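The values are calculated or read from the model by the stated rules, or taken from the named source; none is laboratory data. Keep in mind it's a predicted model, so treat the numbers as computed, not measured. In this analysis, Cβ positions are derived from the backbone assuming ideal geometry, glycine residues included, and neighbour counts consider all displayed protein chains. Side chains are part of the model used for accessible areas, which takes the heavy atoms of the whole protein and leaves out ligands, DNA and RNA. Shrake-Rupley method; radii C 1.70, N 1.55, O 1.52, S 1.80 Å.
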Amino acid sequence: MEMKKRISLELRNRTPVEVAELVVDNCRSSDGEVEGLSDDFKELEFLSMVNVGLTSLAKLPALPKLRKLELSDNNISGGLETLSEKCANLTYLNLSGNKIKELSTVEALQNLKNLKSLDLFNCEITTLEEYRESIFELLPQVMYLDGFDAEDNEAPDSEADDDDDDEDGEEGAGPLGDYDDEDDDDEGSEGGEVGLSYLTKEGIQDEDDDDDYVEEEEEEAGAVVAGVHGEKRKREAADEGEDDDDDDDDD
């Protein structure tokens, strides 16, 4: 797919000024130039044009808010001064897999004062003697080269850091934190009089229930006793009748 058409599809009924991130990886630039982008993309902060066949950045529009630019796996060999002219606020630049051979080519990035991370992995320039030391000396503003700082410490994962910050924020102050606090406040503030009165009522209710239970037991016991007495009476009357019969027989 051509780059211009791909960008049109990525807009998704939005205007260029509404777009902050744009990814057009693996499409094709017909003449090796940037196509479909204009100065209207002035709010763009992240742009990815990986493996699109770029040989030049001459037609890159002015993108004053662009912070992160992915240009890996293209055929760029020079003309990097365009970046400092059009994207002066870049902090991250990935040029890995391009045809950059000389330090003089990278020297054009000196005017990117906010550039913190630069990736030149798989470029021929990386085969130069003391390549890393030379880049850090040439571009003192760069903190990370090919993912590592001058002391060979790996660059932190910005996305992971963002996730950690979000989690800390949720634990420190948020709906869940507020909810827990409310529960604690309820227990603390209402646990005095209301709690005691509730327990007292509960105790009274238990006593009433016990009284009812005792009364029921007594009633049941009374019924049993009455039943027993009734049986005894019947038996006594029957016995008396038998005795009378015996007396009559004796007579």
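Over every pair of different alpha-carbon atoms in segment 34-103, take the mean of 1/r and invert it; report that Kirkwood radius in Å.
The Cα-based Kirkwood calculation yields 12.1 Å.
Probe of 1.4 angstrom, ligands and nucleic acids ignored: what's the accessible area per residue over segment 40-137, in square angstrom?
Heavy-atom accessible area per residue stands at 46 Å².
Provide the FRET efficiency to the nearest 0.05 for the residue 110-residue 45 pair, computing r from the beta carbons and using R0 = 35 Å.
Efficiency, from the Cβ-Cβ distance: 0.95.
Taking Cα pairs under 8 Å and at least six residues apart, what relative contact order does segment 31-119 come out at, in percent?
26
Let's test the formula: R0 of 25 Å, r as the Cβ-Cβ distance of residue 150 and residue 25. What FRET efficiency results, to the nearest 0.05?
0.25
Can you tell me the FRET efficiency between residue 137 and residue 157 if r is taken as the Cβ-Cβ distance and R0 is 30 Å, rounded to the nearest 0.05?
0.65
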